Amino acid sequence: KKGDFDHFMKKEIHEQPDSLTTSMRGRLKDGVVGLGGLKDHMRTIRRSRRIIFIGCGTSYHAALAARPIMEELTDIPVTMEIASDMLDRKALIFKEDTAVFVSQSGETADTLLALEYALQHGALCVGVTNTVGSTLARKTHCGVHINAGCEIGVASTKAYTCQIVVMVMMALAIGSDKMSTLAQREAIIAGLTKLPEKVHDVLKLDGEMKALAQSLIEEQSLLMFGRGNNYATALEGALKVKEVALMHSEGMLAGEMKHGPLALVDEYLPIIVIATHDDSFSKQQSVIQQLHARKGRLIVMCSEGDASLVCPDGRSRVIEVPRVVDCLQPIINIIPMQLLAYHLTVLRGYNVDQPRNLAKSVTTQ
Ligand code: F6R
């Protein structure tokens, strides 16, 4: 049921403080992360030579968002595979690998075929899914349910943020034997506890995002630049815009800007730059300067209070979001992008819950 909302997508965006709370429930006790589904395999995971994240679409982006903290807290190299590409390349995978399969539905054909492939090669296979009893949950050796609640809108929203939270909790659990990161882990756990409240705050940008959507309604194209923890935010924000608003949108790694995309910059093409306050901030400030120098039409997402740092001359539009611990910032930052995609779609008159040509669960290759 949609309740007070016009569409499932809007309802599911606004449910995120609750879905995140449910995802974490019972898993953060006395400053320790407990993930029952991984307990028996923790020694094997800690000893693995590599962790491989595998998924498609939004689920792949969620894994990409969690990758930096997984590497930082576990000291295990993390590589990324889009399921179809892994199969196309017959990618190398070994029994010393831990392969983490991320899928909201647990029924995506490409992801399940990649799982068969990894099982045949002897890797430890871990599932991260929202669907209890799904094929993914049954066929992996172990796993974690994200408990986001049923998601009906074809565009994934609350499942995305809950997937990130679950993978951050996995990083905390796998890395919990390291004294060197104790203070960092405590800060993240404190951040997780406050996260639903911060998500509630960022949802107040709904009206502002509707106004932004209004100003972009006639555009042909929209770019999003991110890096570090928020490279995934750029990719996922652009995917939301293209799949529901039917507008061309590309997420780009800001570090790659000079290697081609800069040629596109002019005073017309709207570009969203994600420049929240983390260890990539000064690099993003310089990206903003370079885009300004080419008269780029910028919309800058920054941390509350940073507007004058990202846009000293007041020339660009600024979206200010609450600051949280770095590895959780992608969860906050995607929410204005989800709202933007939603409003753009409704204003452009398209079907927001069932975009053309798409299905909720892609069970064919
Ligand atoms: C986009 C979206 C898709 C899915 C992808 C994988 O909003 O929902 O990109 O993320 O089809 O689906 P799951 O997560 O069910 O494996």
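Please give the peptides 292-305, 312-325, 46-59, 236-249 ranked by average Cβ packing (other Cβ atoms within 10 Å per residue), highest first, as a rough proxy for protection.
For the peptides 292-305, 312-325, 46-59, 236-249, the packing ranking is 236-249, 46-59, 292-305, 312-325.
For the chain, what Kirkwood radius comes out of the mean inverse Cα-Cα distance, in Å?
After inverting the mean inverse Cα-Cα distance, the result is 20.7 Å.
Could you give the dipole magnitude of region 11-99 about its Cα centre, charging the beta-carbon of Lys and Arg +1 and that of Asp and Glu -1, in debye to the nearest 20?
With Lys and Arg at +1 and Asp and Glu at -1, about 380 debye.
How high is the relative contact order of region 23-77, in percent, with contacts defined as C-alpha pairs under 8 Å that are six or more residues apart?
Once normalised by length, the contact order is 28 percent.
What pairs from K90/K360; K242/K283; K240/K360 go past 18 Å between their alpha carbons?
On the way: K90/K360 27 Å; K242/K283 27 Å; K240/K360 14 Å.
Long pairs (Cα-Cα over 18 Å): K90/K360; K242/K283.
Seen from all sides and averaged, what is the projected area of the convex hull of the Cα atoms in region 61-193, in nm²?
Computed as one quarter of the Cα hull surface, the answer is 8.2 nm².
When the chain is treated as a GNM, springs tying every alpha-carbon pair under 10 Å, which of L235, L92, L35 comes out with the largest mean-square fluctuation?
L92
What does region 150-303 give for Rg and for Dmax, in Å, if only its C-alpha atoms count?
Gyration radius and largest Cα-Cα distance of region 150-303: 17.4, 53 Å.
How tilted is helix 231-245 with respect to the longest principal axis of the chain? Cα atoms for both, answer in degrees (0 to 90, nearest 10).
70 degrees
Per-residue HN-Hα couplings for region 354-360, Karplus 6.51 cos²θ - 1.76 cosθ + 1.60 at θ = phi - 60°, whole Hz, x for Gly and Pro?
Once rounded to whole Hz, the list reads 9, x, 4, 6, 10, 10, 5.
P(r) for region 121-235: what percent of alpha-carbon pairs falls in each 5 Å bin, starting at zero?
Percent of pairs per bin, in order: 2, 8, 12, 16, 20, 16, 12, 8, 5, 2, 0.
Distance from the Cα centre of region 307-365 to that of region 183-227, in angstrom?
If we compute the Cα centre of each part, the gap is 7 Å.
Along the charge dipole of region 57-198, which of A91, S156, S180 sits closest to the positive end, that is, farthest toward it, with unit charges on the beta carbon of Lys, Arg, Asp and Glu (+1, +1, -1, -1)?
S156
Normalised radius of gyration for region 224-310, please: alpha carbon Rg relative to 2.2 N^0.38 Å, two decimal places. Present the calculation step by step, with values, prior to reporting the outcome.
On the way: Rg = 12.3 Å, N = 87, 2.2 N^0.38 = 12.0 Å.
Computed over Cα atoms of region 224-310, the ratio equals 1.02.
Kindly provide the Kirkwood hydrodynamic radius of region 268-365 in Å, to one decimal, from all pairs of distinct alpha carbon atoms.
Taking the inverse mean of 1/r over all distinct Cα pairs, region 268-365 comes out at 15.3 Å.
Bin all alpha-carbon pair distances of region 1-114 at 10 Å intervals from 0 and give each bin's fraction as a whole percent.
12, 33, 36, 16, 4
Taking a temperature of 25 °C and a viscosity of 0.890 mPa s, what whole-number D in µm²/s does Stokes-Einstein yield for region 1-42 with Rh from Kirkwood over alpha carbon pairs?
196 µm²/s
Tilt of helix 57-74 relative to the longest C-alpha principal axis of the chain, in degrees (0 to 90, nearest 10)?
The angle comes out near 70 degrees.
What is the helix-to-structure angle for 329-348, meaning the angle in degrees between its Cα long axis and the longest Cα principal axis of the chain, kept from 0 to 90 and rounded to the nearest 10?
60 degrees
We did not get these values from a lab; they are worked out from the coordinates using the rules stated. Given the structure is predicted, the values throughout are model-derived calculations rather than measurements. Don't worry about glycine lacking a Cβ; one is built from the backbone with ideal geometry, like all the others, and counts go over all protein chains shown.
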